[in-house]
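A short worksheet on the structure shown next.
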Amino acid sequence: MMIIPVMDIKSGTVVHAKAGDRESYLPVKSALTTSTNPVEVANVFKKLGARELYIADLDAIERQGSNLRSVLEIKKLGFDILLDSGISIARDVKDLADVGSIVVGTETLQSLDELEKMTETCEIVLSLDFKGDELLTRIKELKNLDAEDLIKIILSYDYDIKRLIYLDLKSVGTSCGMREDKIKKMIKSMPIPLLVGGGINDISDIRRMQTIGVSGVLVATAIHNGRITKEDIYSFKSQIS
């Protein structure tokens, strides 16, 4: 189990993602730093003991620009990077091969054929993007599927996907707790590691996720407000060192 800090970047600024309403995201307010500069915030995460970092490039996801320069600067700090930059087709990954693991979200993925091509090119982490019970996808054959059925379909294709993410955008930044029953059902038939994000309130949520077999949790708000501490991050880090 790993605690993986999350950084959402918009227009060169780290923002507080909340409930998936990207138009209303504001610069992050943190008990750990007054800075909203991505590299400076990443340095704070580094001092907390994090060794992997999930970055959502919101400008790239919304097709309004790119924060790749900041991401590459953060990479120099020694992080293993999970980058979501709104990948939709295989050729989008050509400039990202040196960044780290590429997160491909169902929200932006154009087709399953394109997903297969991506897995032949670089290390892909597939994000199952939900907003509550609604799967965010443009792919007709995936619409209206719940998480369990979606996982069965994805696994039936035998793609070389390294990890899966279950992300509930409706819960992101709300500290409302995890959808534990849903995650339990997903994990039962999961042959590859599952990361989960959205709704983490405190360390007790993370311990429950560990108990049911989750490999890692994506956390932002609970770190910035101090409910997840340096000691918490180190305690989970030491379990896999």
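Looking at K152, is it over 16 Å from the mean Cα position of the chain (by Cα), without any contact (Cβ under 8 Å) to a residue 40 or more places away in the chain and more than 30 Å from K117 (Cα to Cα)?
No; evaluated as a whole, the condition is false for this residue.
Hey, does the range 43-53 have a residue that's over 21 Å from S235 (Cβ atoms) and either modelled with pLDDT under 95 or crowded, with 19+ Cβ neighbours inside 10 Å (or both)?
no
If A50 passes every condition in (1) farther than 25 Å from D129 by Cα; (2) touching a residue at least 60 places away in the same chain (Cβ under 8 Å) but one, which one does it miss?
(1)
Looking at this structure, is Y54 of a type outside the set (A, V, I, L, M) and touching a Leu at 6+ places or on another chain (Cβ under 7 Å)?
Here the answer is yes, as Y54 does meet what is asked.
Yes or no, residue by residue, for (1) among the hydroxyl-bearing types (S, T, Y); (2) assigned to a loop (DSSP other than H, G, I, E, B); (3) within 17 Å of R138 (Cα to Cα):
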{"site": "D59", "(1), (2), (3)": "no, no, no"}
{"site": "K94", "(1), (2), (3)": "no, no, no"}
{"site": "V104", "(1), (2), (3)": "no, no, yes"}
{"site": "L109", "(1), (2), (3)": "no, yes, yes"}
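Kindly evaluate K162 against the criterion of being out of contact with any Cys (no Cβ under 9 Å at 6 or more places or on another chain), in contact (Cβ under 8 Å) with a residue 40 or more places away in the chain and at negative phi.
Numbers: out of contact with any Cys (no Cβ under 9 Å at 6 or more places or on another chain): yes; in contact (Cβ under 8 Å) with a residue 40 or more places away in the chain: yes; at negative phi: yes.
So K162 passes the test.
Can you name every residue in the range 155-171 that is over 18 Å from T211 (Cα atoms) and either out of contact with any helix residue (DSSP H, G or I) (no Cβ under 8 Å at 6 or more places or on another chain) or of a type in the set (D, E) (or both)?
Scanning the range 155-171 gives L155, S156, D158, D160, K162, R163, L167, D168, L169, K170, S171.
Given the criteria of a type in the set (K, R) and assigned to a helix (DSSP H, G or I), does K152 qualify? Talk me through it step by step, then tell me what you get.
Details: of a type in the set (K, R): yes; assigned to a helix (DSSP H, G or I): yes.
Judged against the criteria, K152 is a match.
Show the residue pairs meeting these rules: Cβ distance below 8 Å; 6+ apart or different chains; first residue within the range 64-79 and without any contact (Cβ under 8 Å) to a residue 24 or more places away in the chain and of a type outside the set (D, E); second residue in a helix (DSSP H, G or I) and surrounded by 12 or more Cβ atoms within 10 Å (Cβ to Cβ).
S66/D59; S66/A60
Listed residues G226, G213, G173, G177; which is part of a loop (DSSP other than H, G, I, E, B), touching a residue at least 12 places away in the same chain (Cβ under 8 Å) and crowded, with 18+ Cβ neighbours inside 10 Å?
Numbers: G226 fails: crowded, with 18+ Cβ neighbours inside 10 Å; G213 fails: crowded, with 18+ Cβ neighbours inside 10 Å; G177 fails: crowded, with 18+ Cβ neighbours inside 10 Å.
One residue alone meets the criteria, G173.
Consider T221 carefully, then state whether it is touching a residue at least 12 places away in the same chain (Cβ under 8 Å) and of a type in the set (S, T, Y). Give the derivation first.
Values: touching a residue at least 12 places away in the same chain (Cβ under 8 Å): yes; of a type in the set (S, T, Y): yes.
Against the criterion (touching a residue at least 12 places away in the same chain (Cβ under 8 Å) and of a type in the set (S, T, Y)), T221 qualifies.
I want to confirm something. Restricting to the range 193-210 and keeping residues that are part of a loop (DSSP other than H, G, I, E, B) and crowded, with 24+ Cβ neighbours inside 10 Å, which single residue is farthest from the chain's Cα centre (by Cα)? I'd like the intermediate steps shown before the answer.
From the range 193-210, those part of a loop (DSSP other than H, G, I, E, B) are 193, 198-202; that's our starting set.
Right, trim to crowded, with 24+ Cβ neighbours inside 10 Å and you get 198, 200.
Values: G198: 9, I200: 13 Å.
Ranking the candidates gives I200 first.
Among the residues of the range 1-50, count how many are of a type outside the set (A, V, I, L, M), part of a loop (DSSP other than H, G, I, E, B) and touching a strand residue (DSSP E or B) at 6+ places or on another chain (Cβ under 6 Å).
Pass one, the range 1-50, residues of a type outside the set (A, V, I, L, M): 5, 8, 10-13, 16, 18, 20-25, 27, 29-30, 33-38, 40, 43, 45-47, 49.
Then drop every residue that is not part of a loop (DSSP other than H, G, I, E, B), which leaves 11-12, 18, 20-21, 25, 29-30, 33-37, 49.
Those still in the list that are touching a strand residue (DSSP E or B) at 6+ places or on another chain (Cβ under 6 Å) too: 20, 25, 36.
So the answer is 3.
Out of A50, A56, report the one residue that is among the aliphatic types (A, V, I, L, M) and under 16 Å from A17 (Cβ atoms). Step through it out loud before you land on a result.
Numbers: A50 fails: under 16 Å from A17 (Cβ atoms).
So the residue among A50, A56 that is among the aliphatic types (A, V, I, L, M) and under 16 Å from A17 (Cβ atoms) is A56.
From the set of residues in the range 109-159 that are closer than 21 Å to G197 by Cβ and small (G, A, S), which is surrounded by the most Cβ atoms within 10 Å (Cβ to Cβ)?
For the range 109-159, the residue satisfying everything is S127.
Output the residues belonging to the range 11-24 that are within 30 Å of P193 (Cα to Cα) and at pLDDT below 95.
Step one: filter the range 11-24 for residues within 30 Å of P193 (Cα to Cα), giving 14-22.
If the condition is that a residue be within 30 Å of P193 (Cα to Cα) and at pLDDT below 95, then H16, A17, K18, A19, G20, D21, R22 are the ones that fit.
The values are calculated or read from the model by the stated rules, or taken from the named source; none is laboratory data. Computed from a prediction, not measured in an experiment: that's the story for all the values here. In this analysis, Cβ positions are derived from the backbone assuming ideal geometry, glycine residues included, and neighbour counts consider all displayed protein chains.
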